[in-house]
Amino acid sequence: MARIPLLQLNEISLTFGGDPVFHDLSLMVQPGDRVALVGRNGSGKSTLMKVMAGLVEADQGLRVVPPGVSVGYMEQEPEMKGFATLGDFAASELEPSEMYRVEMAGEGLKFDPARPVETASGGERRRAALAKLMAEAPELMLLDEPTNHLDIEAIAWLENELATTRAGYVLISHDRAFLRALTRATLWIDRGQVRRQEKGFDAFEAWRDKTWEEEDIARHKMDRKIKAEARWAVEGISARRKRNQGRLRALHALKDERSSQIKRQGAAALELTAGPKSGRKVIEAKGIAKTYGDKSILKNFDIKIQRGDRVAFVGPNGVGKTTLLKMLMGQETPDEGTVVHGTNLVPAIFDQSRAQLDPEMSLWDSLTGDPEMRVSGKADQVMVRGQPKHVVGYLKEFLFDERQARAPVRSLSGGEKARLLLAKLMARESNLLVLDEPTNDLDIETLDLLQELLDDFDGTVMLVSHDRDFLDRVATTTIAMEGNGRATVYAGGWSDYQSQKGEAAPKAEKAAAKPKKDSKPAAKEAVKPEGLSFTEKHRLEELPAVIERLEAEIAKLEEFLMDPDLFTKEPVKFQKATDALVERQEALGKAEEEWMELEEKAAG
């Protein structure tokens, strides 16, 4: 029996500012689909998702959602006017008795429902929008960069929720590990065309490269044919003076087809030039400590960073990663201990808050107004690694067109703002890069290029990121900040840190029995498994916390259902809560079985 799609787009066409975004686009999302939506920054991913959500109306075509199917969209910049707290916004479509759903999502995503909207940061607002979607639990979820502004623990929570949900979903994300773990199909937007492959993101790059290779071969054949036919036309005219009009028309048609082909967007011209060589010792900290009020950020911490090191800082949001970075850079003074800098340091800083960008300033003025990029007497040029360049030419290297040069910074997407910051950062020579969340909003191709540049950079890098794949590919040392002032130094990237952390766990933990109601493994007791893949290791480590959360949710639902008048007075709420209880009980059983299977495999 054929399944009824959750969503169908038929022959959609959409144009912005004279340029077609999509033409004659058709696609469908089936129940249970787990789809990665990928494409370069500016390719139209967010626009397509808004069309799918019904927030942007296409010029032509039809959007079909069957009666009774609910579609939820996670807004990038949610409108919260009229709501006092983040919790009020997140629960706005729920019954008062369902507020527990928001509270549960709040715990996993680490946002406070009681936070006043007027004092909430952009990241907190985004987490509230994500909690709203997760609490409403629609049949189809549309998630646009849901991992931005989440720490690794919250990403793991969200990953588990999406792995166990029965809903279908479409994901936009730059986080490779997240996409690989969750998706089973891929929608790829490339120059207005949307292709679908019934394989998850893990197979995307091979598919993309093969498609482009076939395209290049076909284009090369067409160019050769045009060249041969053009030579025939010239020789035929001189030899016979009698043209084969049909053949000439075919030649013109070939030329028209060739000229109408849209050129693939190239990669941004990222380039890093190390300044003068620093001393071998870059930074040495001894016994440093920091406390804010009653909160201990760091206790008795030592680190020696040498030239060429790639040091990553990981840990939950708010644990103090940026504070530690500032202490190491001399921007903040530790309460105890000393920080000594080596000789000849020339730092360059990428700020996650985008504070270096004035939203009202144009891209042109943002570059020419930078004191370190200003060229005396030349209002249309900027200094780039010691050489003057025309400002528009330099912007084009970072994939901005001439029209954008005079546009305000606030008109840029998140990925475009990140590229503008990189343009400012890479215009100067440096031998110490400090990158605080550089991966947010960048597309996968730009992330690849940035990683290659950091590999080849003849200097030192200090990096804060929640992108597990990027950390694995860049970091040579990982500093894990675990709260209560604890910070531990590990060799290698994220996977190496996870393995070493597991090795440090007592052997008794590895032999723990199947988790039960009264004797389950503690959520933070990391187990070092043997013979498991990286994904299985990560899953085994997070399952105890998953089991603990499910048991807490079941307890809350059971308490709610104990009201003897609930069935009579609120039959709809009673049924919803009953369904939720059954769903979580099933999920708990599966989680316990999965934990046992992985434990047995690890012990194997």
Original post:
Once phi is turned into ³J(HN,Hα) by the Karplus curve 6.51 cos²θ - 1.76 cosθ + 1.60 with θ = phi - 60°, what whole-Hz value does each residue of region 280-286 show in order, with x for glycine and proline?
Top reply: 4, 8, 9, 9, 10, 10, 10
**OP:** Mind ranking 278-290, 569-581 by how tightly packed they are, going by the mean number of other C-beta atoms within 10 angstrom, highest first?
**Re:** 278-290, 569-581
Subject >> Cut-off 14 Å between beta-carbons: net charge of the residues surrounding VAL69, Lys and Arg +1, Asp and Glu -1 >> reply: 0
Original post:
Given LYS50/LYS132; LYS281/LYS417; LYS281/LYS396; LYS299/LYS556, which pairs have Cα atoms separated by over 27 Å?
Top reply: LYS281/LYS417; LYS281/LYS396; LYS299/LYS556
Original post:
By what distance, in whole Å, do the Cα atoms of region 263-417 stretch along each of the three principal axes, largest value first?
Top reply: 53, 35, 35
Original post:
Over region 281-498, what is the relative contact order in whole percent, taking alpha-carbon pairs under 8 Å and six or more residues apart?
Top reply: 28
Subject >> Under 17 Å from LYS286, Cα to Cα: aspartates and glutamates that are on another chain or at least 8 residues apart >> reply: ASP302, GLU332, ASP335, GLU336
Subject >> Burial order of peptide ranges 462-475, 30-43, 66-79 (average beta-carbon count within 10 Å, highest first) >> reply: 462-475, 30-43, 66-79
**OP:** Would you mind ranking HIS390, HIS23, HIS538 by Cβ crowding within 10 Å, fewest neighbours first?
**Re:** HIS390, HIS23, HIS538
**OP:** Can you tell me the order of 166-177, 328-339, 300-311 when each peptide is scored by its average per-residue count of other Cβ atoms within 10 angstrom, highest first?
**Re:** 166-177, 300-311, 328-339
Original post:
Scattering from the C-alpha atoms of region 153-195 alone, worked out with Debye: what is log10 I(q)/I(0) at q = 0.31 1/Å?
Top reply: -1.25
Original post:
Stokes-Einstein at 20 °C, 1.002 mPa s, Kirkwood radius from Cα pairs: D for region 7-206 in µm² s⁻¹?
Top reply: 123
Original post:
For region 489-500, in order, what is each residue's ³J(HN,Hα) by Karplus, 6.51 cos²θ - 1.76 cosθ + 1.60 with θ = phi - 60°, in whole Hz (x at glycine and Pro)?
Top reply: 9, 10, 7, x, x, 4, 5, 5, 4, 4, 5, 5
Original post:
At 10 °C and 1.306 mPa s, what whole-number value in µm²/s does Stokes-Einstein give for the translational diffusion of region 86-131, with Rh from the Kirkwood sum over Cα pairs?
Top reply: 155
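A short reminder: the numbers here are calculations on the coordinates, not readings from a lab. Just so you know, these numbers come straight off a predicted model, no measurement behind them. For neighbour counting, all protein chains shown are included, and Cβ atoms are generated from backbone atoms with ideal geometry for every residue, glycine included.
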